[in-house]
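Here the structure comes first, spelled out in structure tokens, and everything after it is commentary.
Taken together, the values in this text are just the output of simple stated rules run on the coordinates, not laboratory data. Everything quoted here is computed from the prediction, not taken from an experiment. Here the Cβ positions follow ideal geometry from the backbone for every residue, glycine too, while neighbour counts run over all protein chains shown.
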Ligand code: NDP
């Protein structure tokens, strides 16, 4: 229950309007709980209907994506683009290809993206898109035909000054290449800034692939330094997932002196007490697109177990959930606390359920929320757009240094915002309020509410 009657009324309306959209309700409630702490100081929000506008997307696009499989049969998927808020810049946010994609998931991700993009300090609005298409087990040719069909509708809604998609779950360099290629073909022009995460030969940025995972660790390192006078050195780390975010979070955690003892995919997890060999893992997941269980067959001393959630039964110091939303529920959080972990940084979007967040905070763990912690990906996407506009490329080190600076700034921004709200150390509130204020100021200044 929210203290403010106004916020409670808005939340009830969100739930009543779309009763099935559980993930969206969860994301909205968390943000409204933070705004509840400052709403008394801002009567202009209610007067101008600011919160009602903030929780309603500017535009929701939903379309059919027909494509031909390798047997010549036509398959039909559903495509989405949620253009949520463009008050501070063109819509920006990834595309997700996964069977669990639906309107609720798209809206929750688009909503979170508004605040995340605001935290980067770069001029980017919030959006998200994707499809219930499952790239697993599809041939390259099938993935290409799907992407081309998806872009045949999507192209009319996007552009470097309106909406610039990128990757997310199931959308990596291969998919971005096919999508961008189709856009270029239809529009008959090279418009680099329309998509980010592009290949290096056609406008991609160095360090974009690594950015989200590296950024997760840069923010964690700064949080440890500032709040515990500590670091990754000699810490046992668990990273869930083994996709783009997880692999590069594991790489940076290792470079900073931690030992990554376990990683997972949607089937199960591997445990390697000596530290995951990232060259082997990258070969399995990125080059061969195989299951993580292969790792245990190839690396002596490591084991594989079924059930991806059981990864959290292993004791560790630092938890980096980097797979998907709502992976850590209450009982899992209790287990993590009992096993002695002291830090949780959300690499995936909303990987911890609200009850898990409360358990971590009550137990005194450091908790960095996804809006802040995984903002490095979209930040370097913003830098990719800058390089495209300049017709210029920065070196890996230049991009990586800018990324580090952005992540350190984000940490201090949310840390200070939490203090100003009277809840020192509550980085969930800090991230929500710091991200929200900038967007709302921009909305009010432009008469957008
Ligand atoms: P990938 O597709 O590269 O990897 C996803 C990983 O999570 C895979 O290991 C996958 O396992 C696992 N996974 C996916 N869905 C589920 C599920 N329902 N249950 C269990 N495991 C699952 O995606 P990314 O690494 O790009 O994204 C991971 C998270 O990070 C997402 O929440 C995404 O929104 C977020 N994120 C990504 C950014 C980016 O730059 N890529 C930027 C900011 C946030 P399997 O291989 O078996 O499917």
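Hey, in the GNM for the chain with a 10 angstrom Cα cutoff, which one of 235, 138, 107 fluctuates hardest?
138
Arrange the peptides 285-294, 338-347 so that the one whose residues have, on average, the most other Cβ atoms within 10 Å appears first.
Descending packing order for the listed peptides: 338-347, 285-294.
How big is the gap, in Å, between the Cα center of region 407-424 and the Cα center of region 279-354?
That distance is 28 Å.
Hey, with R₀ at 41 Å, roughly what FRET efficiency would residue 42 and residue 161 work out to, going by the Cβ-Cβ distance, to 0.05?
My answer for the efficiency is 0.85.
Suppose the Debye formula is applied to equal point scatterers at every Cα of region 210-364; what is log10 I(q)/I(0) at q = 0.16, 0.21 Å⁻¹?
Once normalised to I(0) and log-transformed, intensities are -0.80, -1.42.
How large is the helix-only mean residue ellipticity at 222 nm for the chain, computed as the sum of -39500 (n - 2.57) over DSSP H runs with n ≥ 4, divided by its residue count, in deg cm²/dmol to the nearest 500?
-14500 deg cm²/dmol
Using only the Cα atoms of the chain, construct the convex hull and provide its projected area averaged over every direction, in square nanometres to one decimal.
20.6 nm²
Suppose each label sits 7 Å from its Cα in the direction of the beta carbon; what would the residue 17-residue 139 distance come out to in nanometres?
4.5 nm
Compute the distance from the alpha-carbon center of region 113-146 to that of region 209-265, in whole Å.
23 Å
Multiply the residue separation of residue 412 and residue 282 by 0.36 nm, subtract the distance between their alpha-carbon atoms, and state the gained length in nm to one decimal.
Working it through step by step, the gained length comes to 43.5 nm.
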